[in-house]
1. Taking the condition modelled with pLDDT under 80 and either of a type outside the set (Lys, Arg) or assigned to a loop (DSSP other than H, G, I, E, B) (or both), does Met467 pass?
2. With the requirement that a residue be modelled with pLDDT of 85 or more and open to solvent by 30 Å² or more (accessible area, probe 1.4 Å), what does the stretch 299-310 give you?
3. Pick from Val426, Val362, Val442: which is over 16 Å from Gly58 (Cα atoms) and in contact with a Leu (Cβ under 6 Å, 6 or more places away or on another chain)?
4. On the given criteria, is Gly333 under 20 Å from Asn470 (Cα atoms) and either open to solvent by 10 Å² or more (accessible area, probe 1.4 Å) or in contact with a Cys (Cβ under 9 Å, 6 or more places away or on another chain) (or both)?
5. Is it the case, given these coordinates, that Met621 is of a type in the set (A, V, I, L, M, F, W, C), modelled with pLDDT of 85 or more, touching an Asp or Glu at 6+ places or on another chain (Cβ under 9 Å) and open to solvent by less than 50 Å² (accessible area, probe 1.4 Å)?
6. Mind checking which residues of the stretch 419-436 are closer than 23 Å to Leu338 by Cβ, under 22 Å from the mean Cα position of the chain (by Cα) and in a helix (DSSP H, G or I)?
7. Considering only residues of the stretch 597-618 that are loosely packed, with under 14 Cβ neighbours inside 10 Å and not in a helix (DSSP H, G or I), which is farthest from the chain's Cα centre (by Cα)?
8. Taking the residues in the stretch 629-653 that are of a type in the set (A, V, I, L, M) and open to solvent by 60 Å² or more (accessible area, probe 1.4 Å) as candidates, determine which candidate is farthest from Ala548 (Cα to Cα).
Amino acid sequence: MSLSKKQSDPIADDFEMNLAEQPVPEEGESKDKEQTRDSWGGKAEFLFSCLSYAVGLGNVWRFPYLCYKNGGGAFLLPFICMLVTVGIPLLYMETCFGQYSATGPITVWKASPLFTGIGWSMIIITFCGSIYYNMLIAWTMFYFWQSISSVTGDLPWTTCSSSWNTGDCVHIRTLSERNRCRRQGGFFAFALNHSCLLPNNASWVMESSDGAMRPFPGNDTPDGTALSTFYDEAATLNSTNTSLLHNFLGSVPAPKTSSDEYFHNFVLSISNGFHEMGLPKWELVLCLLASWIVVILCLIRGVKSAGKAVYFTGLFPYLVLTILLIRGLTLEGSSKGLEYFFIPNWDRLADAKVWGDAAMQVFFSLASGWGGIIALSSYNKFHNNALLDSLLVSLGDGATSIYAGMTVFCVLGYMSHVMSVPIDEVAKDGAGLAFILYPDIVTSMPVSPLWAALFFGMLLTLGFGTMIANVNTLVTSVCDNWSRHLSIGKRPFIVLCAICLLAFVCGLPCTTRGGMFVLQLLDNYSCTYSVLVVGFLELVVITWVYGADNFLDNIEEMNPFIRKSRTFWKIVWQFFSPLVLISVAIFTFTSIKPSKYGLYEFPPSADIAGWVISMLVVMPMPGVAIYKVVTLKGNMSLKQKIHSLMLPHRSWGREMGKKVRRRSRVGNEDMNGDGLPFETSQQPLTSSVLQSVSGVSNNGANIGASTDSRFLRILRGGGVNA
């Protein structure tokens, strides 16, 4: 039975009654409190906003490590394949979805109101991600301040004699000489002035004044004892009693560099686990507060001020990366690092984990399923070339990852040379690269405060570029969903301040002594497994429920040239991309391991709490669907209610978020340009029903000649050809 037959359609009957009851503004009525939607100042602002959003901290400290871990240059092939087959299609789909409707990630689901919970899950993911992401920025801000404060002196993490240092602290140069000594078959004696005990009376020691290794005159220690004598004793102990050898040499069982102890013992004051959370550290609280204030200032005028800020956050990182790359290429050992990065290990291509890691990196780097691209593209002009923008952003993100990898592996090669160890013992990912390894590297460079300030300044701009887009997504979603009350006057700014204040308060646990463990838990659970679920359902609903043909009709209305590639995009969106996401999800869930940080394994209760967080993130999807079915008015069966809520809402259509809103004198309703209410939510209809039943067009929506997707025709019971 077709929905176009008026006499048998209770949904259409109810809609006619609702239309009759709606107040229609009188001719010449004044338009008080008109509110139009902001838009980007130009195409460049949108591109830089998307690039700043996609290119973040993960491009600098996550991608290079994954590339090294998965076979160097061999990882680039699956990465590029996943970027083309998954990254670009998903980004293009979200760009078109937001641009066509001109509304945020919650309101956009008027395309199929039953699944509005997907939008709510998106903003919860973005909110949780913003909490810990801004904490990373706060740490970076702390290091940046220490770097610029030390221009005339030494960086605070260069010494092992500070109050926060322990007996395990070893200068990076000391570790280097220990490794060199061992390669030469000697014994490195911490207890003998950091001496290297070698055979044949060829011993040398480290002088504490400058850290350089030099032989003593006559190869004797200051008290006149020949170092070769100590070597003979050490060799004897080595063959008889290892524990006595360690005591004799003064071995440090678990040596830590000065930058390691600075980060963990001073910056974090890290505890032994969740059972010792402690109080917030005031320095980190101030840095976190400052980070949120910067975000507010960048968004004080909405997309107008954000569009100007992204010129800096989008361009400055490339300037610094270029400077660091040029400097890195001049360092000894940099070519060795580039070899590890680019020379492929082709055997790794047969490993499914390599392909899984590549898909995960592409998916999370482009932030698919977070709602940010939908929000950013909602401020585009209607006929903007969404395909070109998607290609530029996706390829730009991938190229930036490779460019950052070159920079990082230049300095890793240098570090390998300095420490006299293979690169596989130097490479780190995540916070270990940014706050431990790189500070170690700059301490061995001339004018180290300058290079530290440049590096952490780059991280700051990368972080703020992403945070501006994240918070803009939250503000856009809230204001669009309650546009009648929150999109007027200064209220969007109040919403911005309220969101930032709430996120700041929620981030305070990350400033405590156990804050690193909280951050790791949020990172592991709030924005990993749930994002895959949201991304998969987003694909399914748009292409199977709303209908790929209907969606492509909408895109063709914006960009007519897409007509020639409709079949390609339909196959990719309906079949290929969902299958890839299912494969990635299976790979992710089968590789789950208990959470840990360093040597500390999280208690089972912490992982349980993490899974609760993951469940809370995805709960809006079934929760909102149930709520909408229960509250839907009309004398309909459960099946009819579900079916009607899968159809587009009557206000869904072209640029629905840009319609001028005005107050009606009758009923004080929010009205659009056609005299229809924006927020009447009970009877979603397709354009064909509106035209055949009431003679009212759906605000210019081009949903296609056959408005039902194949899925909905089967659900209705009429068969595929109904």
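The values are calculated or read from the model by the stated rules, or taken from the named source; none is laboratory data. This structure is a prediction, so every number in the text was calculated from the model and none was measured. Here the Cβ is made from the backbone with ideal geometry for all residues, glycine too, and neighbour counts use every protein chain on show. Accessible surface areas use protein heavy atoms only, side chains included; no ligands, DNA or RNA. Shrake-Rupley method; radii C 1.70, N 1.55, O 1.52, S 1.80 Å.
1. Working: modelled with pLDDT under 80: no; either of a type outside the set (Lys, Arg) or assigned to a loop (DSSP other than H, G, I, E, B) (or both): yes.
It is false that Met467 is modelled with pLDDT under 80 and either of a type outside the set (Lys, Arg) or assigned to a loop (DSSP other than H, G, I, E, B) (or both).
2. Ile300
3. Details: Val362 fails: over 16 Å from Gly58 (Cα atoms); Val442 fails: in contact with a Leu (Cβ under 6 Å, 6 or more places away or on another chain).
Step by step, each of Val426, Val362, Val442 is checked, and only Val426 is over 16 Å from Gly58 (Cα atoms) and in contact with a Leu (Cβ under 6 Å, 6 or more places away or on another chain).
4. On the way: under 20 Å from Asn470 (Cα atoms): no; either open to solvent by 10 Å² or more (accessible area, probe 1.4 Å) or in contact with a Cys (Cβ under 9 Å, 6 or more places away or on another chain) (or both): yes.
Considered against the rule, which asks whether it is under 20 Å from Asn470 (Cα atoms) and either open to solvent by 10 Å² or more (accessible area, probe 1.4 Å) or in contact with a Cys (Cβ under 9 Å, 6 or more places away or on another chain) (or both), Gly333 comes out as no.
5. Details: of a type in the set (A, V, I, L, M, F, W, C): yes; modelled with pLDDT of 85 or more: yes; touching an Asp or Glu at 6+ places or on another chain (Cβ under 9 Å): no; open to solvent by less than 50 Å² (accessible area, probe 1.4 Å): yes.
When the stated conditions are applied, Met621 does not pass them.
6. Start the filter on the stretch 419-436 by keeping residues that are closer than 23 Å to Leu338 by Cβ, which leaves 419-430, 432-434, 436.
Okay, now just the ones that are also under 22 Å from the mean Cα position of the chain (by Cα), so 427-430, 432-434, 436.
The answer is Gly432, Leu433, Ala434, Ile436.
7. Among residues in the stretch 597-618 that are loosely packed, with under 14 Cβ neighbours inside 10 Å and not in a helix (DSSP H, G or I), the one farthest from the chain's Cα centre (by Cα) is Leu599.
8. Initial filter on the stretch 629-653 (of a type in the set (A, V, I, L, M)): 629-630, 632, 636, 638, 642, 645-647.
Narrowing the set further to residues that are open to solvent by 60 Å² or more (accessible area, probe 1.4 Å) leaves 630, 638.
On the way: Val630: 28, Leu638: 26 Å.
Top of the filtered list is Val630.
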